[in-house]
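The values are calculated or read from the model by the stated rules, or taken from the named source; none is laboratory data. Note that the structure is predicted; figures quoted are calculated from it, not measured. Every residue, glycine as well, gets a Cβ built from its backbone with ideal geometry; the counts of neighbours run over all protein chains shown. Surface accessibility is based on the protein's heavy atoms, side chains included, excluding ligands, DNA and RNA. Shrake-Rupley method; radii C 1.70, N 1.55, O 1.52, S 1.80 Å.
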Amino acid sequence: MKKIVILLLGFSLSLSAQIPAGKKVISSLYVYDLASGKSELILTEKRHFEAPNWSRDGQYLLINAYGKLEKISPTGVKFGELNTGSVDKANNDHGYSFDGKSLYISSAKAEIKEHTSFIYKVSSEGGNPVQLTPLTPSYWHGISPDGKMMVYCAARNGNYDVYAMSSDGGEEIRLTSTEGLDDGPEYSPDGKHIYINSYRSGMMQIWRMKADGSEPEQMTFDAHSNWFAHIAPNNQVATIITYMEDQKQAHPFGHQVKLRLLDLKTKAVKDLTDAFYGGQGTINVPSWSPDGKKFAYVRYALEDL
């Protein structure tokens, strides 16, 4: 549900179809400081970029733009593209292993014209990625703390569910089987839970389950569409992105959203930001700083062509 495609009851909608005629996208990269409760603007550009990851050494943010991955310093200095070899159609589902040695990329293939996404693994320093998932579409979202397993969202037989696989590739293990969308799987730092967003209740909410897919537990209960729980390093809270209006099973670009903080023990939710123009691309993937004091996200705006 990703870079330029949105799932809506089994149909896809291109990003270009969501942008009003005669308009272009402005992207702004922010860093939110949990202690001060304030967002700092570090980079604004008149182009479309998405989904910041924070490197495990804290030295840079990784974003995707036009199929490539780029490094940006936490103060907005551009470090250039990361070499990913022949993989050049990356979407906004990418991220690092807990030890910082490996990077996982979701990307289409040039030779396949239909909507698609495969998962690849490459050194965090760049290089020639190895394809992990033979089936498509598959969208990476999380890696276990020990680095042995990855979890991802995939459409199989017409339904999007959560799957696991060895981080070196291999057999695909289905973890959810509910009707409707299950997406955004991410391991807790202790490896005990996988957090997801799910439409199983008839409203997109945050859930968690044991690492084997058992004992699903609902975590949010309000009248908003809640997506993508990113768990802080302290395993006590998670950021979520909330649409102000119900989007059913879709995660579209260009709507009013806010970022909120979910207490993983009490399930209390509090606002971190006011509503802003965002959605798809704002905070699809883990974006906490290594010390858990900050996280990165993207806001959008439109201007006339």
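Contour minus end-to-end for residue 40 and residue 274, with contour as 0.36 nm per residue of separation and end-to-end as the Cα-Cα distance?
Contour length minus Cα-Cα distance gives 82.8 nm.
Determine, from the Cβ-Cβ distance of residue 212 and residue 256 and an R0 of 35 Å, the FRET efficiency 1/(1 + (r/R0)^6), rounded to the nearest 0.05.
It comes out at approximately 0.40.
Give the ranking of 305, 272, 135 by solvent-accessible surface, highest area first, calculated with a 1.4 Å probe.
Descending accessible area places them as 305, 135, 272.
Just the number please: accessible area per residue for the stretch 157-259, 1.4 Å probe, all protein chains included, in Å².
So the stretch 157-259 comes to 37 Å² accessible per residue, rounded to a whole number.
I'd like the distance separating the alpha-carbon centroids of the stretch 243-266 and the stretch 151-206, in whole Å.
Taking the Cα centre of the stretch 151-206 as reference, the centre of the stretch 243-266 is 18 Å away.
For the stretch 251-305, calculate the relative contact order in percent as a whole number, restricting contacts to Cα pairs under 8 Å that are 6 or more residues apart.
Relative contact order of the stretch 251-305: 31 percent.
Can you give the relative contact order of the chain as a percent, counting alpha carbon pairs under 8 Å and 6+ residues apart?
It comes to 17 percent, rounded to a whole number.
Take the Cβ-Cβ distance between residue 123 and residue 293 as r, set R0 to 22 Å, and report the resulting FRET efficiency rounded to the nearest 0.05.
Between residue 123 and residue 293 the formula returns 0.20.
Under 10 Å, Cα contacts only: if you run a Gaussian network model on the chain, which one of 290, 252, 52 comes out with the highest mean-square fluctuation?
Checking each option, the largest mean-square fluctuation is seen for 290.
With labels modelled as points extended 7 Å from the Cα through the Cβ direction, what inter-label distance (nm, one decimal) is found for residue 263 paired with residue 166?
4.3
How long is the gain from residue 81 to residue 148 if the chain were fully straight, where each residue apart is worth 0.36 nm and the alpha carbon distance is subtracted?
Net length gain for the segment: 21.4 nm.
Within the stretch 161-305, what whole-number % of the accessible surface is contributed by carbon and sulfur, with the 1.4 Å probe and all protein chains included in the calculation?
For the stretch 161-305, the apolar C and S fraction of the accessible surface comes to 46 percent.
Percent of accessible area on the stretch 75-122 owned by carbon and sulfur, 1.4 Å probe?
Carbon and sulfur: 50 percent of the exposed surface of the stretch 75-122.
Could you tell me the extents of the stretch 179-292's C-alpha atoms along the three principal axes, largest first, rounded to whole Å?
Answer, in whole Å and largest first: 36, 34, 23 Å.
Taking 25 Å as the cut-off for C-alpha to C-alpha distance, list the pairs among 148/258; 46/71; 38/121; 265/293 that go past it.
Violating the 25 Å Cα-Cα cut-off are 148/258; 38/121.
On a straight-distance basis, which aspartates and glutamates could pair with residue 89 in a cross-link, Cα separation under 12 angstrom, same-chain partners fewer than 8 positions away excluded?
Counting by Cα, and skipping residues close in sequence, residue 89 has these aspartates and glutamates nearby: 111.
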